[in-house]
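**Q** Take this structure, written in structure tokens, and hold onto it; I'll ask about it next.
The values are calculated or read from the model by the stated rules, or taken from the named source; none is laboratory data. These numbers come from a predicted model, not from an experiment. A quick note on method: Cβ atoms are made from the backbone with ideal geometry, for glycine too, and the neighbour counts reach across all protein chains shown. All accessible areas refer to the heavy atoms of the entire protein, side chains included, with ligands and DNA or RNA removed. Shrake-Rupley method; radii C 1.70, N 1.55, O 1.52, S 1.80 Å.
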Amino acid sequence: MTAPHTIAVLGLGRMGAALATRLTDQGWDVVGWTRSGRTPGAVRTTGDLNEAVAKADLVVLALFDGPACRQVLDDARDSLRADTVVLNTSTVAPAEAAELARRLGASYVHAPVLSSVPAAAGGTLRILAAADHGALDRVRPVLETLGTVRRCDDAATAAALKLIANNSLAGAVLALRDSLRQADAHGLPRAQTLDVLELGGLGGLVARKRPFLMAEPAPAPAEFTIGALAKDMALLAAASNTPLRSAAGLADTPADPEADIAVAATAPTTAGDDVLEPLRAYIRGHATGDPAHFREAFLPTAHVEGVRDGAFVSWPLDAYCALFQGRPAPDEPTRSRRIDSVDVHGTVATATMTLSHGADTFTDVFLLVRVDGGWRIANKAYHRRS
């Protein structure tokens, strides 16, 4: 089959503009269209969606999400020729990709791209392509102008793999955030911390994003935004029906959704250290054996629940406090406690803690609420292992 002569790129956001510019620079006849009115200087554009589609042998979708893809295709339905191939580079849910493939049949190529704007500009994208052999052969010269192609079995698989790849990126961003917060807690200079992080597993991300990570004014437009990555993680969590920490971690980032993903690594916690105060009071209670610290940490209505000697127990606060005699355990110098995680959602939070007490290790899970201007533990459940 012959390669397309005229390409319509629908969606001229960061990635769409980079794709259209790359194809134009490489000699393809490109016309761009966008709902936002953003017009890259190097690309010929039109304000008429149907005009762009009617003249195109290949329609490239570079849109934000699945609903945008459906809406644009619905609006252009009457102008889309039977011999036109639709190449979708958008990041959508696997079910949305499968539906588009069923709707458009053999003329549909689902081809989400890995990497970001600089790779698109340089023609070094990694492209996950799923299509009928004839359609893929026809658009392969275009795809190879943009990067390297990895074929996938079907549209849903390509969409899922793209989300999985973005999850690894989200994990790296959140791991970097944890490292920077720990460095800040130790009073380490940001530049020195980044120098060392560049030597490790996060080195590539740190090197690419260092200007953003220095917490200075943005040196350049965002390449991939927090909002877009958060959207992708929400799609992945919903599609798999499996917990995904990066979905909540990015959604709760107190930063501009239009900021570069690196800004998520420098954002402060969603709540101050005050959410840690009841957990620290709880630790003091164990360290000293003084139940007054537990009364400071817990709400009066709190319960402590778990399995003790093979039976479920649910102690009210008074009964729990009665277990402590006001003095440290004899082996207190060898005991240790650490706060493993805290997740804040408005006026409620969850936390986990690990306590090593001699031969026993406890995993404590807390539900906290913010009342009267401060945080208190509403309930605790624990698991004990020896």
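**Q** Probe of 1.4 angstrom, ligands and nucleic acids ignored: what's the accessible area per residue over region 159-250, in square angstrom?
**A** Values: 4570 Å² over 92 residues.
Per residue, region 159-250 has 50 Å² of solvent-accessible surface.
**Q** Could you pull out the trypsin sites (Lys or Arg not before Pro) across region 279-386 that fall in loop regions by DSSP (anything but H, G, I, E, B) with no more than 15 other Cβ atoms inside 10 Å?
**A** Working: sites: 280, 284, 295, 308, 335, 337, 338, 370, 376, 380, 384, 385; in loops: 335.
In loop regions of region 279-386 (DSSP not H, G, I, E or B), the sparsely surrounded trypsin sites (Lys or Arg not before Pro) are 335.
**Q** Taking GluC sites (Glu not before Pro) as candidate sites, keep only those in a DSSP loop with at most 16 other Cβ atoms within 10 Å, then name the longest stretch of the chain containing none of them. Write down the numbers at each step before the final one.
**A** Numbers: sites that count: 198, 258.
It works out to 1-197.
**Q** A further question follows. From the backbone phi of region 246-262, what are the Karplus-calculated ³J(HN,Hα) couplings (6.51 cos²θ - 1.76 cosθ + 1.60, θ = phi - 60°) in whole Hz, Gly and Pro given as x?
**A** 5, 5, 6, x, 7, 4, 8, 5, x, 8, 4, x, 8, 6, 4, 4, 5
**Q** What nm distance separates the two modelled labels at residue 77 and residue 242, each placed 7 Å from Cα along Cα→Cβ?
**A** So the two model labels end up 3.6 nm from each other.
**Q** Roll a 1.4 angstrom probe over the protein heavy atoms and tell me the percent of accessible area of the chain that is carbon or sulfur.
**A** On the way: 9800 of 18150 Å².
With neighbouring chains kept in place, the figure for the chain is 54 percent.
**Q** Name the long-range amide H neighbours of residue 45: under 5 Å, sequence gap of 5 or more, or other chain; modelled H, no Pro or chain starts.
**A** 32
**Q** Ordering 339, 226 from largest to smallest accessible area (1.4 angstrom probe), what's the sequence?
**A** Details: 339 60, 226 10 Å².
Highest to lowest solvent-accessible surface, that is 339, 226.
**Q** Given a cut-off of under 8 Å on Cα pairs at least six residues apart, what relative contact order in percent is computed for region 246-332?
**A** Rounded, it is 23 percent for region 246-332.
**Q** Top to bottom by accessible area (1.4 Å), largest first, where do 115, 386, 79 land? All intermediate terms of the calculation are to be shown ahead of the outcome.
**A** On the way: 115 85, 386 125, 79 25 Å².
Sorted by accessible area, descending: 386, 115, 79.
**Q** Check which residues have an amide H placed less than 5 Å from residue 6's amide H, if you skip close sequence neighbours.
**A** 57, 58
**Q** Keeping all protein chains in place, calculate the accessible area per residue for region 258-386 (probe 1.4 angstrom), answer in Å². Can you show the working numbers first?
**A** Working: 6560 Å² over 129 residues.
Computed with neighbouring chains in place, this is 51 Å² per residue.
**Q** Another question about this same structure. Just 372, 195, 184 to compare: in a GNM of the chain, with alpha carbon springs under 10 Å, which one fluctuates most?
**A** Among 372, 195, 184, the largest GNM mean-square fluctuation belongs to 372.
**Q** Using a basic spin-label model with each label point 7 Å from the Cα along Cα→Cβ, how many nm lie between residue 140 and residue 350?
**A** 4.8
**Q** Work out the FRET efficiency for residue 367 and residue 336 from their Cβ-Cβ distance, taking R0 = 25 Å, and round it to the nearest 0.05.
**A** Working: r = 24 Å, r/R0 = 0.94.
Once rounded, the FRET efficiency stands at 0.60.
**Q** Could you give me the ³J(HN,Hα) list for region 333-348, computed from phi with Karplus coefficients 6.51, -1.76, 1.60 and θ = phi - 60°, whole Hz, x at Gly and Pro?
**A** x, 9, 7, 9, 9, 9, 8, 8, 7, 9, 10, 9, 9, x, 9, 10
**Q** Something else about it: I'd like to check one number: the per residue accessible area of region 1-158, probe 1.4 Å, reported in Å² as a whole number. List each step's numbers first, then the result.
**A** Numbers: 6620 Å² over 158 residues.
With all protein chains present, region 1-158 gives 42 Å² per residue.
**Q** Here is a further query. Could you compute the FRET efficiency for residue 65 and residue 385, with r as their C-beta to C-beta distance and R0 at 51 Å, rounded to 0.05? Write down the numbers at each step before the final one.
**A** On the way: r = 44 Å, r/R0 = 0.86.
Once rounded, the FRET efficiency stands at 0.70.
**Q** If you plug each phi of region 349-354 into the Karplus form 6.51 cos²θ - 1.76 cosθ + 1.60 with θ = phi - 60°, what whole-Hz ³J(HN,Hα) values come out, in order, with x for Gly and Pro?
**A** Once θ is set to phi - 60°, the couplings for region 349-354 become 8, 10, 8, 10, 9, 10 Hz.
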